[in-house]
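A short worksheet on the structure shown next.
The values are calculated or read from the model by the stated rules, or taken from the named source; none is laboratory data. Bear in mind the structure is a predicted one, so any value in this text is a computation, not a measurement. As a convention, Cβ positions derive from the backbone with ideal geometry for all residues, glycine included, and neighbour counts pool all protein chains shown. Accessible surface is based on the protein model in full, side chains and every heavy atom, while ligands, DNA and RNA are left aside. Shrake-Rupley method; radii C 1.70, N 1.55, O 1.52, S 1.80 Å.
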Amino acid sequence: MSSPLPLGNPEGPYTQSRIGVVTLATPNSMFVDVGGTVIEVAFVLPFTATAASPPAAGTVVQLIRQDASWVAVGRVVGAGSNSVLNPSFEVSVPGTFPASWFSADVSGASQAAVVDITDAPEGDLAVRVYSGQASVHYLYSSPIAVNSGEVWSLSAFVGGDYSGGVNTADAALVGLWFANSTNLYPTTSSADTVVVTSVDVPQYPPFRTIFGNVTAPVSGYIRVALRSTLAAGQALVWDQVIARRV
């Protein structure tokens, strides 16, 4: 995951781990896109190497931070770049519907809007799905081309927003399948695939991570859906949605 991972005392200095994508590398420095923010990092030179060999742009790398210093420790094998557009909703304006995303009310009526929160797992923004009545809502991504039989890894952060009420909202990652890049839900080419479900999501912070793999049943397109199952007056807050081919 690309979320900070405390390895020591969370109340004091501790190491963080992130995953990012190289945008530019030279023998002396490297620039890595982490959740939409490009940072300059150092990188590890193997003890037996005689010269620096920086990775190509687009390489997925693992980063660690100690104090103020970020270091790339190696290439992540078996994972490509994130295929979700606007995955952490940073390319959006607070109070508006998130850019490059779509919504569908499966039942009831819900509203999705970008919010600026201090505890967002990635960046400053997240998206809040709220309902004034019992409802099931899909917030789903732009289309991603897939071939039948491909395995995709999906993940997201989610937290409840209950205003002091009971913590009973459920979250799920769902694969929606389409024959072309223009069809919208419910005009699908195969049955929806529930990848993972998280029941009784607790009040944030902290956020809960949900993840799982899905196999494409048909060739065409997948749209990653964030399913919010809400009682009246409940909301779920989502952030950092990832889809990578395994």
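Scanning the stretch 110-139 for residues that are without any contact (Cβ under 8 Å) to a residue 40 or more places away in the chain, open to solvent by 70 Å² or more (accessible area, probe 1.4 Å) and of a type outside the set (S, T, Y) yields Q111, D116, D124.
With the structure loaded, tell me whether D105 is surrounded by fewer than 20 Cβ atoms within 10 Å (Cβ to Cβ), among the acidic types (D, E) and either farther than 30 Å from P186 by Cα or touching a helix residue (DSSP H, G or I) at 6+ places or on another chain (Cβ under 7 Å) (or both) or whether it fails that test. For D105, the condition - surrounded by fewer than 20 Cβ atoms within 10 Å (Cβ to Cβ), among the acidic types (D, E) and either farther than 30 Å from P186 by Cα or touching a helix residue (DSSP H, G or I) at 6+ places or on another chain (Cβ under 7 Å) (or both) - is not met. Of all the residues in the stretch 188-223, those that are aromatic (F, W, Y) and assigned to a strand (DSSP E or B) number 2. Taken across the stretch 151-160, residues that are out of contact with any strand residue (DSSP E or B) (no Cβ under 6 Å at 6 or more places or on another chain), touching a residue at least 60 places away in the same chain (Cβ under 8 Å), of a type in the set (S, T, N, Q) and on the phi < 0 side of the Ramachandran plot do not occur at all. What do you reckon, is T229 in contact with a strand residue (DSSP E or B) (Cβ under 8 Å, 6 or more places away or on another chain), modelled with pLDDT of 95 or more and within 28 Å of G123 (Cβ to Cβ)? Yes.
Residues that are open to solvent by 20 Å² or more (accessible area, probe 1.4 Å) and over 30 Å from A216 (Cβ atoms) within the stretch 140-161 comprise just one, D161. Pairs are defined by a Cβ separation below 7 Å, a sequence spacing of at least 6 or placement on different chains, a first member in the stretch 30-56 that is more than 19 Å from D124 (Cβ to Cβ) and modelled with pLDDT of 85 or more, and a second member that is open to solvent by 40 Å² or more (accessible area, probe 1.4 Å) and among the acidic types (D, E); the pairs so defined are F31/E40. If only residues of the stretch 145-161 that are β-branched (V, I, T) and modelled with pLDDT under 95 are counted, the one that is farthest from N180 (Cα to Cα) is V151. Confirm whether R208 is open to solvent by 40 Å² or more (accessible area, probe 1.4 Å), in contact with a His (Cβ under 8 Å, 6 or more places away or on another chain) and closer than 30 Å to V34 by Cβ. No, not satisfied. Every test in (1) at pLDDT below 95; (2) closer than 17 Å to Q234 by Cβ; (3) crowded, with 19+ Cβ neighbours inside 10 Å is passed by G164 save one, and that test is (3). Among the residues making up the stretch 170-182, those that are open to solvent by 10 Å² or more (accessible area, probe 1.4 Å) and either of a type in the set (V, I, T) or farther than 26 Å from V237 by Cα (or both) are A179, N180, S181, T182.
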